[in-house]
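Take a look at the structure set out below.
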Amino acid sequence: MSDGGGAARPSRMKARSDDPWLSVHAIAEYTFCPRAGLIAYENRRADPDDEPPAFDTLPRFELQAVEAEIAQQMKLLFRWLWAMLVVATSSPISVYLKQYWYLVLAGVAMIFITWQSLSVLAVLQELHRRRRVLLESRSAEPDPFHEQMQPVNWFGLLNLGFQSQVVNEPLRDGVWNFEGKPWRLLIRGDLVIPVFRTRSAQESPREPQVAKCMAYCRLVSVVYERECPYGIILTGEDYSGFAIPYCEMFRRDFHNSLVALRHLVQATGYGRDTEVDYEPRKCSGCHLGRPRSPSSGERVVRFGAPVPVKTNRDGMHSDCGDRFEWEPPYSD
């Protein structure tokens with residue numbers, strides 16, 4: 001399948017039979033730093049943004065799930081209120097029969113029932129707040145022919161008729177030899193739009209995030225055999241974000257990183273060592289250069305075996321420092 005743009009050169013992008021399989025996470029990490037991309041490939045670490053949400057968080061963003069949970073909580077509330085009514089009406093009878101011990105038991109029961117009822121009411125209040133946000137959200141549908149980023153809102157897209165779908169297994173492209181699992185797919189008619197989340201609020205997506213978005217667009221177009229005009233990046237906790245058009249300008253970093261990481265993996269394979277570029281300005285604050293105690297965290301591996309720990313004068317080490325046998329310029 002064609003990639004839909006002149007930037008993709010089949011002779012360059014198409015993988016050979018002995019080329020490695022790469023992950024979308026490793027490709028995006030390479031866009032940030034070649035060393036980060038190589039570590040991501042060698043360690044096969046999961047990208048937390050690719051994990052589908054747990055069932056108990058569905059009411060945060062699914063209108064149908066919110067309404068179903070409201071109905072469930074209302075049933076629970078009515079049960080507690082019915083129990084309160086039973087206890088309240090039986091108390092005068094116990095007085096008439098001079099069964100005063102029952103009054104003590106009824107008092108304890110009323111306290112417990114009241115506490116449970118208030119807890120359910122608090123849950124209902126939060127659920128109704130979420131439902132109101134869902135219903136009030138408005139989002140213009142992204143223009144599929146626009147070649148600039150466009151603001152979107154997850155709830156607004158659901159209101160426009162898009163249906164969300166969890167991706168249980170990674171999508172695979174056997175022509176370019178890479179795979180990845182977007183956080184969600186938005187589906188409406190012939191449109192299949194990949195979506196992934198970031199954990200931090202930001203004014204606009206960064207280069208690695210755009211590269212990841214473009215990679216998911218490519219996977220959707222290959223696996224579902226449909227045109228994928230854009231992908232979506234959600235930022236922060238309010239489920240707003242950006243639609244990134246699947247056009248030449250935004251695909252460029254993804255294409256370059258995939259090919260470059262493929263070559264780097266081959267160059268450093270079979271026990272060979274080669275110099276891997278990095279930009280010192282990006283080291284500050286990088287999670288792979290963050291110092292930690294040798295007793296905490298996962299060890300970096302290469303060829304399936306942990307690499308030796310390289311500690312600094314304070315007895316700390318880092319993933320990047322261990323893998324490339326150097327001391328990154330740690331941030332304070």
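Brief remarks on what is shown
- Amide H to amide H, with H built 1.01 Å from N, V152 comes under 5 Å of G241, F242, A243, counting only residues 5 or more places away or on other chains.
- Loop-located GluC sites (Glu not before Pro) across the stretch 163-229 with a Cβ neighbour count of 10 or fewer within 10 Å are E203, E225, with loop assigned by DSSP.
- Listed pairs K14/K181; K14/K310; K181/K310 exceeding 29 Å between Cα atoms: K14/K310; K181/K310
None of the figures in this text is laboratory data; all of them are computed from the coordinates on show. Just so we're clear, the structure is a prediction, and the values are computed from it rather than from any experiment. Ideal geometry is used to build each Cβ from the backbone, glycine not excepted, and the neighbour counts take in all protein chains shown.
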